[in-house]
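The values are calculated or read from the model by the stated rules, or taken from the named source; none is laboratory data. Remember, predicted model here, so these are calculated numbers, not experimental data. With ideal geometry, Cβ positions are generated from the backbone for all residues, glycine too; neighbour counts draw on all protein chains shown. The protein model used for the area step is the full one, side chains on, heavy atoms only, and it has no ligands, DNA or RNA in it. Shrake-Rupley method; radii C 1.70, N 1.55, O 1.52, S 1.80 Å.
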Amino acid sequence: MRRYMHLMIFVLTSLTAFQAGLGGAARAGEFAFETIRLRGGVSGGSPLGRERQSDFNQIDLAATVRLPWEKELGGGWVLGTRMLASIGALRGGGETNGIMTVVPLDIVLGRKDGLVAIDMGGGGALLSDSKFGRQNFGGPFQFVWTFGITSHVAGPLGVGYHFQHYSDATLYGQDSRGVDLHLIELIYWFDRRD
């Protein structure tokens, strides 16, 4: 539990510093529906937490909304924020359950033309059932952490990769386990900045 407290303190401090840094000049943006994404992927090794007991697959439909806090860094680069939400299915241990995620603050560093963008965020997920064969996630609510890279490839179309981690952070006890997923994305951008 101690290591999670350190992580939560680090995240809260980072978010506070980030918001303070975006204070004045960063209010230039507007809320805007940004993308819709079809994502699919598989579980991999577990760099975070204990090893999973089942292999997992996930497919979902995700959408992003650009938030108004952004700052131009010069040279065509932008530091910005967005919200990400998804709904789909998670399969493991011979069972398929529904999953919904909301990442209320996803921090993005990317080129203004969308050629490349790196993002990182955290939020929550709800599972329709927390048991997948032998693996028990502990309960329906999970924390989600995501890190990824995206790129425009042709007009409004793009591709991306996201690492996504689900965990209860011992909310339901020491015996529950999460999963790490590697997701490939097909992206359609509604909102282009160039």
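Structural remarks
- Ligands, DNA and RNA excluded, the heavy atoms of ASP113 present near 60 Å² of accessible surface to a 1.4 Å solvent probe.
- Rounded percent of accessible protein surface that carbon and sulfur make up, the range 109-194, 1.4 Å probe: 64 percent
- Accessible surface area normalised per residue over the range 113-155 is 44 Å², counting heavy atoms of protein chains with a 1.4 Å rolling probe.
- Extension gain, VAL42 to SER54: 0.36 nm times the residue separation minus the Cα-Cα distance gives 3.2 nm.
- Environment charge of LEU67, counting only residues whose C-beta is closer than 10 Å and scoring Lys/Arg +1, Asp/Glu -1: -2
- Taken about its Cα centre, the range 58-192 carries a charge dipole of roughly 100 debye when the Cβ of each Lys and Arg holds +1 and the Cβ of each Asp and Glu holds -1.
- Label-point separation in nm, PHE31 to THR96, each point 7 Å along Cα→Cβ: 3.4 nm
- The listed residues TRP69, TRP189 rank as TRP69, TRP189 when sorted by accessible area, largest first, using a 1.4 Å probe.
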